[in-house]
Structure formats: structure tokens, C-alpha cells
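To start, the structure itself, in C-alpha cells.
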Amino acid sequence: MLTWLVCHGADTELAESANMGIWDLSMFMESQAPGKKSGVEQAESQSSPRVLKTHLPEWCFTDTFKKCHPRVIVVMRDPKDQIISYYYMYKKLHVLSPFDGGFDEFFELFKNKELQCGDLFDNNLGWWKHRGDKHYLFLRYEDMKKDVKPVIKQIAALLDVTLNSDQVEKIAKYCEFDSMSSSNPMQLALGRLGIPVENFMRKGRVGEWETTLSHSQRKYVDKMCEELFDPVGIDYPCN
């Protein structure tokens, strides 16, 4: 939603009045809601600028991106928090795969690379290969939570969009957690799928792993970060 607002000059009024769900404004390419065209089909029918989302790994787009050179924004998150968020996506949405187990069972699926959309570490490493490409912007979820305004300016610069300070402030306010939860695009999208808002917009906090992961689970993620992320400069503290 944030990127859509940057592309449309902070027009939150349009977002609220368009009678379109958040996934109509910014489609998941790999998804298809009941009675709707797939994300790819919707994207093909829209004119630029198109804002698309995906959870798929980088290798799915290698050949296509070589031809069209889109602007790509990669949002990374502390893996210890990311796995918790993904767990609740499985538990509460059931759009990925029916899962009624506990977190410990889910963590083993994560370790064995048996979750949809691929392995967390592999996916991050795949996109990170493009960190020197001017068409790519890498963002940290934690930075967005701390202060989203500099992030909005970074996105605008990537997309060659000029925003004044009032527009940046407007986008920042609209994209706050509580505001997004109650926004018309979010309510419409989740309502069509019969999903309670609280099951999708859960907490959005940083550091939930401290009260959720066991000592051995923390050690495992930290070890993987040290082995896979540290050598290539992905700078999560992993502590």
C-alpha cells in the first residue's frame, strides 16, 4: 500500500473511495482470490505504473526481469520475527495450507524447508544478489517500524517520484498499523475472503521472538544467519 501511495502522489482519498481491496490496488502475482483473475492476469490488464507483490523466490523472475528491468523493492525482516509471523499466517488464514499444529512443529517444517514460498534464508540470499543493481531497493522492516518517512523518500527516489513533506507525512499516517487495519482497502479485501482483520493485521511488532522462540530455536536461527547472511553483508544482529 505504501508504494501504491507513493506512485499516486499520496492520494489516500482515491485509495479509500476506489471500492477496491488492497490486493486489487497491489496484486500478489502468485495468488488468485475466489471469483477473481490471478494476480498475473490482473497485472497484464493494467496500465503503468503497476504495483505488484510477491512472496516467491528470486529465481522465479530471473528471465523476465532481464527483459523488462522493473523497479524492485525487497523488504527484509529479522528471521526470528519473520518465522513467527509466517506461523500465524499458516494458523489463522489457511490460505497457504491448512495447519493446526503448534509452533514447535512449524519450526521443524521451517528447518526442513517444507513451507510454501520456499526457504526464508534462500529467498533472502536470492534477492540479495541484486544489491548493487540501481533498479533494486533493499529495506529493513525494523527501520520502517522505527521511522517510515525516510523509507517513503527512498521509495520515491527509486521510482523517480517527487513528494513534498506534507505528502510524505500523509502517507506515513495512512500506513500506520492501526490506520491500515481500519482502511477501506484492507476491510474490503479481507471481507471478501471472510478473514477477520485481526487474523491478518496481528501485531506488527519488532522483537516478538524474545517471548516466543526457545533457546535452541534462537540458537539455530542465529547460527544460520552467521553462516549464510554474515558473509554476504546481510546485517541482522541475530542476538
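The values are calculated or read from the model by the stated rules, or taken from the named source; none is laboratory data. In this text the structure is predicted, and so the values were computed from the model without any measurement. For neighbour counting, all protein chains shown are included, and Cβ atoms are generated from backbone atoms with ideal geometry for every residue, glycine included.
Among the residues of segment 54-84, just one is under 23 Å from Asp230 (Cβ atoms) and aromatic (Phe, Trp, Tyr), namely Trp59.
Conditions (1) on the phi > 0 side of the Ramachandran plot; (2) of a type in the set (Lys, Arg); (3) not in a helix (DSSP H, G or I), marked per residue:
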| position | (1), (2), (3) |
| --- | --- |
| Tyr86 | no, no, no |
| Asp104 | no, no, no |
| Leu109 | no, no, no |
| Asn124 | no, no, no |
| Trp127 | no, no, no |
| His130 | no, no, yes |
| Lys149 | no, yes, no |
| Ile152 | no, no, no |
| Ile155 | no, no, no |
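Across segment 133-167, the qualifying residues are those that are within 18 Å of the chain's Cα centre (by Cα) and β-branched (Val, Ile, Thr), and the one among them that is nearest to His69 (Cα to Cα) is Ile155. Can His8 be described as surrounded by 14 or more Cβ atoms within 10 Å (Cβ to Cβ), modelled with pLDDT of 80 or more and in contact with a helix residue (DSSP H, G or I) (Cβ under 7 Å, 6 or more places away or on another chain)? So His8 fits the description; yes. Of everything in segment 141-168 that's of a type in the set (Lys, Arg) and modelled with pLDDT of 95 or more, which residue is farthest from Thr3 (Cα to Cα)? Result: Lys149.
In segment 20-77, of all residues being acidic (Asp, Glu) and under 18 Å from the mean Cα position of the chain (by Cα), the one that is nearest to Ser183 (Cα to Cα) corresponds to Asp24. If you go through segment 21-49 and keep only what is surrounded by fewer than 16 Cβ atoms within 10 Å (Cβ to Cβ) and within 23 Å of Glu169 (Cα to Cα), you end up with just Pro49.
Whether any residue in segment 113-122 is touching a strand residue (DSSP E or B) at 6+ places or on another chain (Cβ under 8 Å) and among the polar types (S, T, N, Q) is what I want to check. No, segment 113-122 contains no residue that is touching a strand residue (DSSP E or B) at 6+ places or on another chain (Cβ under 8 Å) and among the polar types (S, T, N, Q). Of all residues in segment 18-50, those satisfying the criterion of being touching a residue at least 24 places away in the same chain (Cβ under 8 Å) and in a helix (DSSP H, G or I) are Ile22, Trp23, Asp24, Leu25. So is Leu56 closer than 24 Å to Lys113 by Cα and of a type in the set (A, V, I, L, M) or not? So Leu56 fits the description; yes.
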